[in-house]
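What follows draws every value from the coordinates through simple rules; no lab data is involved. Keep in mind that what you see is a predicted model, and the values were worked out from it rather than measured. Glycine also receives a Cβ, built like all others from the backbone with ideal geometry; neighbour counts cover every protein chain displayed.
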Amino acid sequence: SIPLGYFGGIGAASRQGILFKGGNYLDAITKINTVVFDKTGTLTKGIFEVQSLSAADHLSEKELLRIIASVESRSNHPIAKAILSYARQQQTEIDTTIETTELAGYGLKAVIDGKEVLVGNTRLLDSAGISFHSDENKVSSERNFIFSRLNEIPETVVVCAIDRQYAGYILLADTPKEDAATAIKQLKELNINNLEILSGDKQIIVSKLATRLGIPHAYGDLLPEGKVAHLEELKRNPENRIAFVGDGINDAPVLALSDIGIAMGGLGSDAAIETADVVIQTDQPSKVATAIRIGKFTRNIVW
Ligand code: ADP
Ligand code: MG
């Protein structure tokens with residue numbers, strides 16, 4: 001049976017917007033020595049802004065935006081929301097009736113006017129065998145120069161191909177949450193120094209954020225299964241007691257694998273909230289440290 005003191009701990013946590021799914025997690029969280037964060041929507045605001053757009057020579061920017069926004073119109077991803085809001089500002093005609101297939105870690109696939117459209121990262125085009133370096137795509141040399149460096153620029157890039165032909169790209173940026181620095185500082189004060197970021201976004205973006213926040217390990221360019229493999233690797237060391245903190249978009253498998261799965265509220269999907277052991281209802285990653293402190297305080301009362 002669960003000692004009565006745990007109910008006090010659960011109550012104290014819930015008043016802070018932290019929901020523990022059971023008293024056992026309140027105890028387990030005190031043993032955490034490794035905290036792994038998802039990036040987008042967890043350490044960053046998850047609110048992207050379109051920085052620039054570039055269409056291939058055979059397409060107008062207006063047409064490119066119409067196609068990408070239509071493909072993204074039913075996606076829940078923070079990137080999709082940014083593109084939609086930008087498209088509306090530009091008074092773009094968006095077709096919201098298009099059937100799309102979401103490819104986790106890559107982007108989306110759809111058919112528009114009988115043409116197959118891919119919208120996602122450079123990995124998506126690579127995996128479909130579409131080269132945006134080749135001459136047959138009739139891209140100017142200036143653009144070729146940009147493409148060869150798409151993985152080196154510190155912005156998130158969404159590339160589009162129509163009927164297996166490169167059609168253009170959009171650059172977006174997201175900003176770190178102010179609370180993210182506090183979150184890291186407070187975990188270090190609790191002597192939790194094994195901190196990591198896992199992300200499907202580009203390595204250069206993940207590394208820059210990690211340096212800025214004082215997180216020693218940054219892993220980018222990961223597919224959902226790459227995140228799972230990384231967690232399995234961490235678990236092979238029995239001394240690691242791992243909490244994973246994610247916004248829930250594409251994160252349910254990693255939440256399930258960790259010793260404590262923590263879902264950040266608001267943006268999270270139902271699947272993630274179900275899989276999580278702890279749900280943080282605010283958008284503050286520093287609540288992870290708060291949850292650990294409440295766990296420790298409760299343990300001291302109970303025992
Ligand atoms: P993160 O690990 O940063 O939370 P995700 O696993 O959700 O990222 O997505 C990884 C990458 O897949 C994104 O950085 C983006 O390049 C691409 N992607 C996913 N969904 C979409 C989408 N709806 N539109 C465009 N790109 C997408
Ligand atoms: Mg995510």
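Under the classification rounded if a/c is under 1.5, otherwise prolate if a/b is larger than b/c and oblate if not, where does segment 49-173 fall, given a ≥ b ≥ c as square roots of the Cα gyration tensor eigenvalues? Since a/c stays below 1.5, the shape of segment 49-173 is classed as rounded.
Checking the cross-link pairs LYS62/LYS109; LYS62/LYS227; LYS115/LYS227; LYS39/LYS296 against a 31 Å limit on the alpha carbon distance flags LYS62/LYS227; LYS115/LYS227 as lying beyond it. Using C-alpha pairs below 8 Å separated by at least 6 residues, the relative contact order for the chain is 26 percent. What aspartates and glutamates sit close enough to LYS287 to cross-link, taking a C-alpha to C-alpha distance under 18 Å and skipping anything fewer than 8 places away on the same chain? Output for LYS287: ASP27, ASP38, GLU178, ASP179, GLU189, GLU196, ASP247, ASP259, ASP277. Here is the list for segment 76-130: GluC sites (Glu not before Pro) lying in DSSP coil, each with at most 14 other C-beta atoms within 10 angstrom of its C-beta, are GLU93, GLU99.
The chain gives an Rg/Rh value of 1.04, both radii derived from C-alpha positions and Rh following Kirkwood. The ellipsoid that matches the Cα gyration tensor of segment 26-93 has semi-axes, each √(5λ) in whole angstrom, of 37, 12, 9, with the longest given first.
Between ILE153 and LYS235, the distance separating the two model label sites (each 7 Å from Cα on the Cα→Cβ line) works out to 3.9 nm. Computed over segment 178-303, the alpha-carbon pair-distance distribution with 10 angstrom bins reads 13, 41, 40, 6, 1, each value a whole percent.
Taking Cα atoms only, the orientation of helix 61-72 departs from the longest principal axis of the chain by about 40 degrees. Contact order for segment 232-303, expressed relative to its length and based on alpha carbon pairs under 8 Å spaced 6+ residues apart, stands at 23 percent. Taking Cα atoms only, the orientation of helix 224-235 departs from the longest principal axis of the chain by about 30 degrees.
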